[in-house]
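These notes are about the structure you will find just below.
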Amino acid sequence: MSQVEKQKKFDLLITGVGGQGAILASDIIGQAAVASGLPIRAAETHGMAQRGGSVVNHIRIGEEFGSMIPKKGADLMLALEPMEAVRYVEFLKDGGVVIVNTQTVLPVTVTSGLAKYPDVQEILDVLSEKYIVKAFNADDLAYEAGSRLAMNVAMVGAVSGYLPVPKETLLESVKALVPQKTIEVNIRAFEMGRKKVEEG
């Protein structure tokens, strides 16, 4: 396998909870990979897909074989929620990158007092022991861009520098998949997410 082919292989795991837009995020990346002529395999696994349940998307760019990323196989994890990063971290290779939205979504067990949500900084510290962690509040960033609903696109922006897909192609994909009247806000959110990761 040549160096070029090697660089085109990229395994990405997107984790989040129902209602956060993990599926749209993976559709944007998938469509951009196809437009770039890269083979892509994707699989979705759900805990409970309704709001509040775990959602996991496996995206394998340049992979001709299985659509599920093996344990310790992902190059990068995009976690739309901090606890979801912890829940699926065994899929991330040692030294892999994890981009975490620090905004929590409290599960019903926590809101009903049955469980305690861990401190987000502690979660990030534990992840930092083995992985490269890039963390920021993507909900706040999206709000700054014009709508909290653009959080998932801010996270796609954050991962864009790592993907073997040109930024322009990803932006075309954003424009094609988000509602027409939200394009500007989503483009802004994408750019802000990308900048956030480049800075720190």
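The values are calculated or read from the model by the stated rules, or taken from the named source; none is laboratory data. All values derive from a computational prediction rather than experimental measurement. In this analysis, Cβ positions are derived from the backbone assuming ideal geometry, glycine residues included, and neighbour counts consider all displayed protein chains. Protein only, heavy atoms only, side chains kept; ligands, DNA and RNA dropped before computing areas. Shrake-Rupley method; radii C 1.70, N 1.55, O 1.52, S 1.80 Å.
Structure notes:
- Residues in the range 94-111 that are in contact (Cβ under 8 Å) with a residue 12 or more places away in the chain and hydrophobic (A, V, I, L, M, F, W, C): Val97, Val98, Ile99, Val100, Val105, Val108.
Every residue, every condition in (1) modelled with pLDDT under 95; (2) within 20 Å of Pro166 (Cα to Cα); (3) assigned to a loop (DSSP other than H, G, I, E, B), yes or no:
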{"residue": "Ile23", "(1), (2), (3)": "yes, no, no"}
{"residue": "Glu44", "(1), (2), (3)": "yes, no, no"}
{"residue": "Met48", "(1), (2), (3)": "yes, no, yes"}
{"residue": "Arg51", "(1), (2), (3)": "yes, no, yes"}
{"residue": "Glu63", "(1), (2), (3)": "yes, yes, yes"}
{"residue": "Ser67", "(1), (2), (3)": "yes, no, yes"}
{"residue": "Lys71", "(1), (2), (3)": "no, no, yes"}
{"residue": "Asp75", "(1), (2), (3)": "no, yes, no"}
{"residue": "Leu78", "(1), (2), (3)": "no, yes, no"}
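- 3 or more residues open to solvent by 10 Å² or more (accessible area, probe 1.4 Å) and of a type in the set (Asp, Glu): qualifying helices (runs of 4 or more DSSP H) within the range 90-196: 138-145
- Among the conditions (1) over 20 Å from Ala150 (Cα atoms); (2) touching an Asp or Glu at 6+ places or on another chain (Cβ under 7 Å), the only one that Leu124 does not satisfy is (2).
- Selection status of Ile59, touching a Ser or Thr at 6+ places or on another chain (Cβ under 6 Å) and either in a loop (DSSP other than H, G, I, E, B) or at pLDDT 95 or above (or both): yes
- Answer from Val17, Val89 - the residue that is modelled with pLDDT under 95 and in contact with a helix residue (DSSP H, G or I) (Cβ under 9 Å, 6 or more places away or on another chain): Val17
- Annotation note: Cβ proximity below 7 Å between a residue of the range 141-167 that is without any contact (Cβ under 8 Å) to a residue 24 or more places away in the chain and a residue that is open to solvent by less than 10 Å² (accessible area, probe 1.4 Å) (sequence gap 6+ or interchain) occurs for Arg148/Ala142.
- Once the range 96-141 is narrowed to residues that are basic (Lys, Arg) and modelled with pLDDT of 95 or more, the residue that is nearest to Leu80 (Cα to Cα) is Lys134.
- Restricting attention to the range 21-39, the residues being out of contact with any Asp or Glu (no Cβ under 8 Å at 6 or more places or on another chain), aliphatic (A, V, I, L, M) and touching a residue at least 40 places away in the same chain (Cβ under 8 Å) number 7.
- Test for Ile29: is it touching a helix residue (DSSP H, G or I) at 6+ places or on another chain (Cβ under 8 Å) and not in a loop (DSSP other than H, G, I, E, B): yes
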